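Peer 1: Take this structure first; my questions come after.
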Amino acid sequence: MQPGLRKQLDEEGYVILRGLVEPQVVASARSGIDGLVDELAAGLIREGEVQSSFSEEPFETRIYRLYRDCMDRCPQSFRHELHLPGIFGYFFHPVLLDLVESVLGGEIRLYPNYTVRPKLPDWEGTRIWWHQDGGYTHFVHTDEAVQEDDVEELRMLNVWSPLVPAREENGCMQFVPGSHKLGVVPHVSRRYYLEIVDPRYTPLFEKAVSIELDPGDVVLFSNLLFHQGLPNRGRTVRWNLDWRYQDARQPTLRQDQGHIARSRTFPERAVHSAGEWARLEFR
Ligand SMILES: O=C(O)CCC(=O)C(=O)O
């Protein structure tokens, strides 16, 4: 990673890489996800929830049209379903992995937290409160033996990339620059997500910056950076992928072990093709 970008990552806790992902990779992911929406549509038709699969609707509106009258049934995220050939190009993008290697070293795990989110308009389940991803590892996924120090020692890089333009109006992310230096802070459980409400930290939210990105853009950020996903006040669905890389020599601190994205020591252990990725399962 260029020294200027590395300095920004270290000091601000994030770095935006514009146009890193090629249009054909974006298109393949969108088409793979459209296949998932086809399956959901078939299920809703079988159950009599909708009369049509709305296959003519654009990617940006179809899932909203399908679930408009039963929003709380719409998946908030896809995870286990992401072992699709069309997703491989994102998680195993060679230029992205080169950048990640320059930060984490040559043993890289795709952390067992990779997600596609359809952020539907006007629905409270789409609001992701201020949190740290490390907060989830500490407060949700760990047993009591895992300490804050363990989470803080995780060598991780988080990645977020939109499949449609992400703006404040349709629920882009916001970051508090530099907040990754505070360590793991307390979170409370809300109906859908965790939230940082401790008054020692909430004044920092005034320093928030909006991370507005286009398809193909990628933001890399620290596992400890304070961030939130704004609500979608637009009329179309804000689709994105988010995933994480970890130094594979460390434990995940979760039950799941993820997949090897790159290994300089044991190259044969890494996932090498879209076909291989599609045969594997979430773990
Ligand atoms: O997509 C969003 O709105 C927020 C996602 C998020 O919090 C994350 O990727 O860690």
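Peer 1: Of the conditions (1) in contact with a Phe, Trp or Tyr (Cβ under 8 Å, 6 or more places away or on another chain); (2) within 12 Å of the ligand (Cβ to nearest atom); (3) open to solvent by 40 Å² or more (accessible area, probe 1.4 Å), Tyr192 clears all except one; give me its number.
Peer 2: (1) is the only condition that Tyr192 fails.
Peer 1: What are the residue pairs meeting all of these: first residue in region 219-244, first residue closer than 20 Å to Lys181 by Cα and of a type in the set (Gly, Ala, Ser), second residue within 8 Å of the ligand (Cβ to nearest atom) and at pLDDT 95 or above, Cβ atoms under 8 Å, and 6 or more apart or on different chains?
Peer 2: Ser222/Asn158
Peer 1: Residue by residue through region 232-266, note down the ones that are assigned to a loop (DSSP other than H, G, I, E, B), basic (Lys, Arg) and within 16 Å of the ligand (Cβ to nearest atom). Before you say what the answer is, go through the steps one by one.
Peer 2: First pass over region 232-266, keeping only residues assigned to a loop (DSSP other than H, G, I, E, B): 232-237, 248-258, 264-266.
Then drop every residue that is not basic (Lys, Arg), which leaves 233, 235, 249, 254, 264.
Correct list: Arg233, Arg254.
Peer 1: Tell me, please, whether a residue that is modelled with pLDDT under 95 and open to solvent by 40 Å² or more (accessible area, probe 1.4 Å) can be found in region 264-283.
Peer 2: Checking region 264-283: at least one residue is modelled with pLDDT under 95 and open to solvent by 40 Å² or more (accessible area, probe 1.4 Å).
Peer 1: Separate question: Give the residue, chosen from Gly171, Gly183, Gly134, Gly216, that is more than 12 Å from the ligand (Cβ to nearest atom) and within 16 Å of the chain's Cα centre (by Cα). First the steps, then the outcome.
Peer 2: Details: Gly171 fails: more than 12 Å from the ligand (Cβ to nearest atom); Gly183 fails: within 16 Å of the chain's Cα centre (by Cα); Gly134 fails: more than 12 Å from the ligand (Cβ to nearest atom).
Every option except Gly216 fails the conditions.
Peer 1: State which residue pairs qualify: first residue charged (D, E, K, R) and inside region 17-28, second residue part of a helix (DSSP H, G or I) and surrounded by 13 or more Cβ atoms within 10 Å (Cβ to Cβ) in any location, beta carbons under 9 Å apart, and separation of 6 or more residues or different chains.
Peer 2: From region 17-28, the pairs are Glu22/Gly89.
Peer 1: So, Gly229, is that one surrounded by 21 or more Cβ atoms within 10 Å (Cβ to Cβ), of a type in the set (Gly, Ala, Ser) and within 16 Å of the ligand (Cβ to nearest atom) or not?
Peer 2: Details: surrounded by 21 or more Cβ atoms within 10 Å (Cβ to Cβ): yes; of a type in the set (Gly, Ala, Ser): yes; within 16 Å of the ligand (Cβ to nearest atom): yes.
Here the answer is yes, as Gly229 does meet what is asked.
Peer 1: Go through (1) open to solvent by less than 20 Å² (accessible area, probe 1.4 Å); (2) in contact with a strand residue (DSSP E or B) (Cβ under 8 Å, 6 or more places away or on another chain) and name the single condition Arg62 misses.
Peer 2: (2)
Peer 1: Checking the condition over 30 Å from Arg269 (Cβ atoms), in contact with a Lys or Arg (Cβ under 8 Å, 6 or more places away or on another chain), acidic (Asp, Glu) and at pLDDT 95 or above, which residue from Glu101, Glu169 passes? Outline the logic, then answer.
Peer 2: Working: Glu101 fails: over 30 Å from Arg269 (Cβ atoms).
Of Glu101, Glu169, the one residue that is over 30 Å from Arg269 (Cβ atoms), in contact with a Lys or Arg (Cβ under 8 Å, 6 or more places away or on another chain), acidic (Asp, Glu) and at pLDDT 95 or above is Glu169.
Peer 1: Evaluate the following for Val271: is it aliphatic (A, V, I, L, M) and under 14 Å from the mean Cα position of the chain (by Cα)? Working first, answer last.
Peer 2: Values: aliphatic (A, V, I, L, M): yes; under 14 Å from the mean Cα position of the chain (by Cα): no.
For Val271, the condition - aliphatic (A, V, I, L, M) and under 14 Å from the mean Cα position of the chain (by Cα) - is not met.
Peer 1: What are the pairs with Cβ atoms under 6 angstrom where one residue, in region 116-128, is under 12 Å from Arg235 (Cβ atoms) and the other, located anywhere, is within 10 Å of the ligand (Cβ to nearest atom) and part of a helix (DSSP H, G or I)? Sequence gap at least six, or different chains.
Peer 2: So the pair list comes out as Leu120/Thr126.
Peer 1: Out of Glu206, Glu153, Glu168, I need the residue that is under 14 Å from Lys119 (Cβ atoms) and open to solvent by 50 Å² or more (accessible area, probe 1.4 Å). Which one?
Peer 2: Working: Glu206 fails: under 14 Å from Lys119 (Cβ atoms); Glu153 fails: under 14 Å from Lys119 (Cβ atoms).
Only one candidate passes the filter, namely Glu168.
Peer 1: Is one or more of the residues making up region 237-254 modelled with pLDDT under 95, farther than 18 Å from Tyr90 by Cα and of a type in the set (Lys, Arg)?
Peer 2: yes
Peer 1: Any residue in region 182-194 that is hydroxyl-bearing (Ser, Thr, Tyr) sitting within a Cβ distance under 6 Å of a residue that is assigned to a helix (DSSP H, G or I)? List the pairs, counting only those 6 or more apart or interchain.
Peer 2: Tyr192/Gly125
The values are calculated or read from the model by the stated rules, or taken from the named source; none is laboratory data. A quick note: this is a predicted structure, and the numbers were derived from the prediction, not measured. We place every Cβ from the backbone using ideal geometry, glycine too, and count neighbours over all the protein chains shown. Ligands, DNA and RNA are excluded from the accessible area calculation, which covers all protein heavy atoms including side chains. Shrake-Rupley method; radii C 1.70, N 1.55, O 1.52, S 1.80 Å.
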